[in-house]
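First up is the structure itself, then whatever we jot down about it.
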Amino acid sequence: MVLIFLVVSLYKEIVGPAMTFIIAAIVLGVTQVLSPAEILGGFANEQVAVILLLLLLGEIFRKTSVLDIFFDKIFQSAKSERGFTTRMMFVVAPLSAFLNNTPLVAILMPYVHNWSTRNKVAVSKLMMPLSFATILGGCATLIGTSTNLVVNGLVTDGKIIPNLPSLGIFDFSAVGIPMIIIGSIYIIFIGQKMIPEKQGVTKQINEINRKYIVEARIKKGSNLIGKTISESGINKETGLYLFEILRDDIRITAVPDDTIFMEEDILLFLGNTDSIANFLDSKNGMIIPSVGMFARKKNTDVLEIVISHNSMLINRTLKSVNFRAKYDATVIAVHRNGETFSGQISDIEIKPGDALLLLTGSYFEERIKNTNDFYLISKIREIRRLGVARTTYLVAGSLAVIVFSAFGIIKLFTGLLFLITTLVLLKITRPKDLVNSIDYELALIIALSLALGIAMMKSGVASMFAEGIITVFRPLGKVGVLAGIYFITTILAAFITNKAAVAVIFPVSLNLALELNTDPMPFILVVAFAAAANFMTPIGYQTNLMVYGPGGYKFKDFLRVGTPLTVMYMIVSIIILSLIYF
């Protein structure tokens, strides 16, 4: 009954994912199916901690933007949702075959989110394909996913069939590589159309509808010089709307698409806070004149303020206020009730209620303590410029932890804990930033989903379900039994996590191989593929859980998009394994 409630509530979004798992855990506790220690045991689980630490590391990368330059080289020519997805599928999946897919998703999530914002693409259209790409790639080798390593550990344990050799790194490739191609084609041409357009939890909370005016100048040697607006694609590239050009004493309004850019043109754009914050980081052949020396500061913030009605700044121009010296901040954009200004921003007279977007230095907070000139609305973006030494440590340290853990030299949890501790000591991040970045709801869902898996195994429901399915498929011979093993494993993995599903089904699968007097290899691999290639639910695989909130998905979104891909993987796996081993 608890499992039925869980599925129905998650599918219908009756009380939300976190509350659904809390209610299920309470019922299992009250009925004494689970002890308090078993319910709480997930919070001490190493994998839960690893996922949270990886997300924290990803957030550090997002705030410092150190990987944007690298990823821009790969994705810079992608101007559309399909173009970006195509590159992502065929770049990320091969990477995931050799780098554990969970940290890969953690590192890529911030970049994917920023790209979607910059290009006005719903983040939901990209987050699920990101997770699916890493799952497809991870299943192609022994080291691509921790699930394959768990299966290999059970093989070498030898409790059922002694002296089985360890699985080779490419034993999974015969199925994994074709499925990277088939799965990628499905996602690009079919799956993505089935994903609803949603902005994600963060975007829904932080979305600001105010349109700001920001001023930029075409710098010397810019790649925009001599291009028309339509040729440059500047509006799409920046996510801003160009509404005016100032050229010496000439003012070009309602700017036509065939206008040719010239050096030192002043461009006035209209856009929201996120687009302007991204504009600060972009290498687009333009500069924001007001930024000046702030571009060289190591730590700056993009903040939004509103002018108070008794402000000393009212009826004064930004040029005359000496705002930069007084507050250690510079005004980069202005909003006034939807009004569109003409002329340079520095010549605008400030009015009560004006919203200003600021780029602030480290002394800003100290200097506004006793001012009534304006009120702080929100912090839009933190910009951390680390310098060469600290940037090198962040990137090299992260890669070292991933590689060393992949080869079993260190535990991923230990490596991440050490890395993040040193990042704090080196002032690459701050303790309060780490606390604010923890996704507590995600931790709750993962921990309680582990408790549900324990309940299913402890109560015998999982084993009973498994034996029932295998009994149905046994008369169909070796191929039928493989299909039955795959089916039950993927169903269990979708609801009790993949590692728990492996623990339940692996002994059953090997015993069936002994009964049928056949090569055990396909019966080993089918369990690995069914458990790891799980696309149907957000709790079926850790990377799905990681993108669940940021993508703004519902439980049924994974069922709708992931079920056909799971069925495809099942069919291809059984056909290829049968051809090779039977």
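The values are calculated or read from the model by the stated rules, or taken from the named source; none is laboratory data. Everything quoted here is computed from the prediction, not taken from an experiment. When we count neighbours, we look across all protein chains shown, and the Cβ atoms used for this are built from the backbone with ideal geometry, even at glycine.
Things to note:
- Residue match in segment 517-532 (condition: under 19 Å from Val151 (Cβ atoms), modelled with pLDDT of 95 or more and touching a Cys at 6+ places or on another chain (Cβ under 7 Å)): yes
- Search result, residues across segment 336-381 that are of a type in the set (D, E, K, R), surrounded by fewer than 16 Cβ atoms within 10 Å (Cβ to Cβ) and within 19 Å of Thr429 (Cα to Cα): Glu365, Lys379
Matching residues to (1) modelled with pLDDT of 70 or more; (2) surrounded by fewer than 16 Cβ atoms within 10 Å (Cβ to Cβ); (3) assigned to a helix (DSSP H, G or I):
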position: Met456; (1), (2), (3): no, no, yes
position: Ala462; (1), (2), (3): no, no, yes
position: Glu467; (1), (2), (3): yes, yes, yes
position: Arg474; (1), (2), (3): yes, yes, yes
position: Gly480; (1), (2), (3): yes, yes, yes
position: Ile485; (1), (2), (3): yes, no, yes
position: Thr489; (1), (2), (3): yes, no, yes
position: Leu492; (1), (2), (3): yes, no, yes
position: Phe495; (1), (2), (3): yes, no, yes
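- Single unsatisfied condition, Val508 versus (1) part of a helix (DSSP H, G or I); (2) closer than 25 Å to Tyr440 by Cβ: (2)
- Any hit, segment 541-556, residues being of a type in the set (Val, Ile, Thr), touching a Leu at 6+ places or on another chain (Cβ under 7 Å), in a helix (DSSP H, G or I) and closer than 30 Å to Lys193 by Cβ: yes
- The lone exception for Ile402 - which of (1) modelled with pLDDT of 85 or more; (2) among the β-branched types (Val, Ile, Thr); (3) in contact with a Leu (Cβ under 8 Å, 6 or more places away or on another chain) it fails: (1)
- Residue pairs meeting the criteria (Cβ under 7 Å; at least 6 apart or on separate chains; first without any contact (Cβ under 8 Å) to a residue 24 or more places away in the chain, in segment 97-111; second among the basic types (Lys, Arg) and not in a loop (DSSP other than H, G, I, E, B)): none
- Scope segment 178-214; condition at pLDDT 95 or above, buried (at least 19 other Cβ atoms within 10 Å of the Cβ) and more than 19 Å from the chain's Cα centre (by Cα); matching residues: Met179, Ile180, Gly183, Tyr186
- Among the numbered conditions (1) out of contact with any Ser or Thr (no Cβ under 9 Å at 6 or more places or on another chain); (2) at pLDDT below 95; (3) buried (at least 24 other Cβ atoms within 10 Å of the Cβ), the only one that Val91 does not meet is (3).
- Odd one out for Met536 among (1) under 31 Å from the mean Cα position of the chain (by Cα); (2) in a helix (DSSP H, G or I): (2)
- If you go through segment 101-120 and keep only what is of a type in the set (S, T, N, Q) and under 21 Å from Ala140 (Cβ atoms), you end up with Asn101, Thr102.
- Residues of segment 125-147 classified as crowded, with 24+ Cβ neighbours inside 10 Å and either of a type in the set (Lys, Arg) or touching an Asp or Glu at 6+ places or on another chain (Cβ under 9 Å) (or both), total: 2
- Only listed residue being buried (at least 23 other Cβ atoms within 10 Å of the Cβ) and among the aliphatic types (A, V, I, L, M), chosen from Val567, Val527: Val527
- Pairs where the first residue, in segment 305-324, is at positive phi and the second is outside any strand (DSSP E or B) and of a type outside the set (Val, Ile, Thr), C-beta under 9 Å, 6+ apart: Asn315/Lys351
- When residues of segment 312-363 are limited to those that are among the β-branched types (Val, Ile, Thr) and at pLDDT below 85, the one farthest from the chain's Cα centre (by Cα): Val321
- Considering segment 19-36, the residues that are under 16 Å from Ile539 (Cα atoms) and touching a Phe, Trp or Tyr at 6+ places or on another chain (Cβ under 9 Å) include one that is modelled with the highest pLDDT, namely Ala24.
- In the condition set (1) surrounded by fewer than 22 Cβ atoms within 10 Å (Cβ to Cβ); (2) under 26 Å from the mean Cα position of the chain (by Cα), Pro507 is compliant with all but (2).
- Among the residues making up segment 364-376, a single one is at pLDDT 85 or above, among the aromatic types (Phe, Trp, Tyr) and not in a helix (DSSP H, G or I): Phe374.
- Residue that is surrounded by the fewest Cβ atoms within 10 Å (Cβ to Cβ), among those in segment 382-403 that are of a type in the set (A, V, I, L, M, F, W, C), touching a helix residue (DSSP H, G or I) at 6+ places or on another chain (Cβ under 6 Å) and outside any loop (DSSP other than H, G, I, E, B): Ile402
- Against the criterion of being acidic (Asp, Glu), surrounded by fewer than 19 Cβ atoms within 10 Å (Cβ to Cβ) and touching a residue at least 60 places away in the same chain (Cβ under 8 Å), Asp519 qualifies.
- Out of Ser173, Ser146, Ser184, one residue alone is of a type outside the set (Val, Ile, Thr) and touching a Gly at 6+ places or on another chain (Cβ under 9 Å). It is Ser146.
- Candidates are the residues of segment 293-332 that are of a type in the set (Val, Ile, Thr) and more than 21 Å from Ser275 (Cα to Cα); the one that is surrounded by the most Cβ atoms within 10 Å (Cβ to Cβ) is Ile307.
- Answer from Leu126, Leu130 - the residue that is in a helix (DSSP H, G or I), farther than 26 Å from Leu577 by Cβ and in contact with a Phe, Trp or Tyr (Cβ under 8 Å, 6 or more places away or on another chain): Leu126
- From Thr543, Thr537, residue being surrounded by 24 or more Cβ atoms within 10 Å (Cβ to Cβ) and either over 25 Å from Ser173 (Cβ atoms) or touching a His at 6+ places or on another chain (Cβ under 7 Å) (or both): Thr537
- Selection of segment 89-123 for residues being in a helix (DSSP H, G or I) and in contact with an Asp or Glu (Cβ under 6 Å, 6 or more places away or on another chain) yields only Thr117.
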